[in-house]
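In what follows, a structure is listed as structure tokens, so that the remarks can point back to it.
What follows draws every value from the coordinates through simple rules; no lab data is involved. Small disclaimer: the values here were computed from a predicted structure and weren't measured. Cβ sites come from the backbone with ideal geometry, for glycine too, and all protein chains shown count toward neighbours.
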Amino acid sequence: MNTQNVLEDIKVSVKLKLASLWASFMFLYIYVDYFALYMPNKIDDILKGKVFVFQITQGFLLAALVSVTIPVLMIFLSVALRANVNRWLNIIIAAVYIPYTLFNLAGLAWMHMVFGAVVEVVILCLIIFYAWKWPSQPSV
């Protein structure tokens, strides 16, 4: 008789997969911006009130916070919402963030930014894939 141990493997719900992918996306999203602060002259530009071609204003900072808040909320909403709403919200938000992520490569894009954007887009595509392939159950 073969007495090899077989590792236990549990089925992870789509909701937890989506929440985990959004959390992973957020880590990268924040760290790419954080590491950009180490680029030459970045801090000088910030001190002069400019990010890329944008002036740092209250409106700019509010828009930046909103752009971070949406995926942060998706971590919770992916677990909390009903499946049918959850599915479409994940597909729509992830699809909107793909071009937004790629726009962040405009201008001087260093390798860390390109790598981060590629991984972020892969994560967003996985979110769309898992949400699109959400298993159905027979209606009662």
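So which chymotrypsin sites (Phe, Trp or Tyr not before Pro) in segment 36-80 end up in coil per DSSP with only 16 or fewer other C-beta atoms within 10 Å? Can you show the working numbers first?
Working: sites: 38, 52, 54, 60, 76; in loops: 38, 52.
Here the sparse-neighbourhood loop sites are 38, 52.
Rounded to the nearest 20 debye, what is the charge dipole size of segment 14-132 about its Cα centre when +1 sits on each Lys and Arg Cβ and -1 on each Asp and Glu Cβ? All intermediate terms of the calculation are to be shown ahead of the outcome.
Numbers: 7 positive and 4 negative charges, 72 e Å.
Dipole of segment 14-132, to the nearest 20 debye: 340 debye.
May I ask for the net charge around residue 24, where only other residues with Cβ less than 11 Å from the Cβ of residue 24 are counted and Lys, Arg are +1 while Asp, Glu are -1? Write out the running numbers ahead of the final one.
Values: positive: 17; negative: 120.
Around residue 24, the surrounding residues sum to 0.
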Open item on the list: Based on alpha-carbon centroids, what's the gap between segment 9-56 and segment 65-140 in Å, whole number please?
Closed with: 13
Task: With at most 13 other Cβ atoms within 10 Å, longest stretch of the chain clear of loop trypsin sites (Lys or Arg not before Pro) (DSSP) - done: 83-132
Task: Projected label distance in nm at residue 132 and residue 114, using a 7 Å step from Cα toward the beta-carbon - done: 2.7
- [ ] Report the paramagnetic label zone for residue 61: residues of segment 15-53 whose backbone N is under 13 Å from a point 7 Å from Cα along the Cα-to-Cβ axis.
- [x] 47, 49-50
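Per DSSP helix of 4 or more residues, -39500 (n - 2.57); summed, then divided by the residues of the chain. What does that give at 222 nm, rounded to the nearest 500?
-23000 deg cm²/dmol
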TODO: Rank the residues 139, 20, 67, 78 as a footprinting-exposure proxy: fewest other Cβ atoms within 10 Å of their Cβ go first.
DONE: 139, 67, 20, 78
TODO: Using θ = phi - 60° and the Karplus relation 6.51 cos²θ - 1.76 cosθ + 1.60, list the HN-Hα couplings for segment 9-25 in order, rounded to whole Hz, with x at every Gly or Pro.
DONE: 10, 9, 7, 9, 5, 4, 4, 5, 4, 5, 4, 5, 5, 5, 5, 4, 4
Open item on the list: Please check: in the Gaussian network model of the chain (C-alpha springs, under 10 Å), which one of 86, 41, 104 has the largest mean-square fluctuation.
Closed with: 41
